[in-house]
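Please read the structure below before turning to the comments.
The values are calculated or read from the model by the stated rules, or taken from the named source; none is laboratory data. Just so we're clear, the structure is a prediction, and the values are computed from it rather than from any experiment. FYI the Cβ positions are ideal-geometry reconstructions off the backbone, even for glycines, and counts take in every protein chain you see.
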Amino acid sequence: MNETIKTILKRRSIRRFTDVKIDKEDLKLITECAIHAPSAMGSDYWHFTIIDDDDLINELIRVMQVILDKPSYTMYHPKALIIPSTRCDYRFGKDDNACALENIFIAATSLGIGSVWINQLNGIEDDHLRAYYDKLMIPEDHVVYGIAALGYPDEIPNTKERKGTYKYFGCTSQQKVDTFL
Ligand SMILES: Cc1cc2nc3c(=O)[nH]c(=O)nc-3n(C[C@H](O)[C@H](O)[C@H](O)COP(=O)(O)O)c2cc1C
């Protein structure tokens, strides 16, 4: 089994992080992988905001606590966030976002960095959240769907059995194989 497949199979959501900071170059590398994800028609409308400043992360957590009316909300106290955003009038924004996030998770896993999808900001329209986005220079016509919380793992994740199914319909004759090739 090659290293890429091993990394994909190893990836799990991490929801407890150590206090160790993630190197800026690693964050840039992970984001470079996001930028190389597929996007519908190669539109590349996305923009990625990387935050590893504790104060800025905590500010977002506080904004979300109010929006969610949940003072205990912590976003798992990540050491970094990558916030993909995309044009609000783009119909494949959510699809592209998911591709970018998966690349982020796989790249992070390959570097020993834990990650989890945070969905609480997904499509939220709120003045305080928009003011926060403005501070980060997220374009005014952009919307945020899922985001990535990152940090070095402080837990061994649950490796629950996967319930997904697949069926394989193989070629039954040599001729079919030849035609296919
Ligand atoms: C669309 C989507 C939204 C998710 N939102 C959250 C979230 O808000 N918080 C969270 O802890 N995990 C979230 N997750 C992670 C899933 O809970 C997780 O991927 C799933 O339980 C499988 O576990 P694994 O990632 O460890 O394989 C989300 C995943 C997806 C695909």
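Among the residues of region 134-175, write down those that are among the β-branched types (Val, Ile, Thr), under 30 Å from Leu56 (Cα atoms) and either touching a strand residue (DSSP E or B) at 6+ places or on another chain (Cβ under 9 Å) or away from the ligand (no atom under 16 Å from the Cβ) (or both).
Within region 134-175, Ile138, Val143, Val144, Ile147 qualify.
Consider only pairs whose beta carbons are under 8 Å apart and that are at least six residues apart or on different chains; among these, list those whose first residue lies in region 133-155 and is more than 18 Å from Pro78 (Cβ to Cβ) and whose second residue is part of a loop (DSSP other than H, G, I, E, B) and at pLDDT 95 or above.
Asp134/Glu140; Asp141/Cys88; Asp141/Asp89; His142/Cys88; Val143/Cys88
Among the residues of region 127-147, are any modelled with pLDDT of 95 or more, basic (Lys, Arg), part of a loop (DSSP other than H, G, I, E, B) and more than 25 Å from Lys10 (Cβ to Cβ)?
No, because not a single residue in region 127-147 is modelled with pLDDT of 95 or more, basic (Lys, Arg), part of a loop (DSSP other than H, G, I, E, B) and more than 25 Å from Lys10 (Cβ to Cβ).
Give region 52-106 a look and list any residue that's of a type in the set (Val, Ile, Thr) and part of a loop (DSSP other than H, G, I, E, B), or say none.
Within region 52-106, Thr74 is the sole residue that qualifies.
Can you tell me which of Phe105, Phe48 is within 14 Å of the ligand (Cβ to nearest atom) and either of a type in the set (Phe, Trp, Tyr) or surrounded by fewer than 16 Cβ atoms within 10 Å (Cβ to Cβ) (or both)?
Phe105
Which condition number in (1) surrounded by 12 or more Cβ atoms within 10 Å (Cβ to Cβ); (2) farther than 19 Å from Lys135 by Cβ is the one that Glu59 fails?
Evaluating Glu59 over (1) surrounded by 12 or more Cβ atoms within 10 Å (Cβ to Cβ); (2) farther than 19 Å from Lys135 by Cβ leaves (2) as the failure.
Please go through region 5-31 and pick out each residue that is assigned to a loop (DSSP other than H, G, I, E, B) and either free of Cβ contacts under 8 Å to residues at least 40 places away in the same chain or under 10 Å from Ala107 (Cα atoms) (or both). Please lay out each step first, then the result.
First, the residues of region 5-31 that are assigned to a loop (DSSP other than H, G, I, E, B): 11-12, 14-16, 18-23.
Residues satisfying the conditions are Arg11, Asp23.
For the structure I just gave you, tell me whether Asp55 is more than 16 Å from the ligand (Cβ to nearest atom), charged (D, E, K, R) and free of Cβ contacts under 8 Å to residues at least 24 places away in the same chain.
Taking the combined requirement at face value, the residue satisfies it.
Exactly one of these conditions fails for Ile50: (1) over 22 Å from Asp19 (Cα atoms); (2) in contact with a Ser or Thr (Cβ under 8 Å, 6 or more places away or on another chain). Give me its number.
The failed condition is (1).
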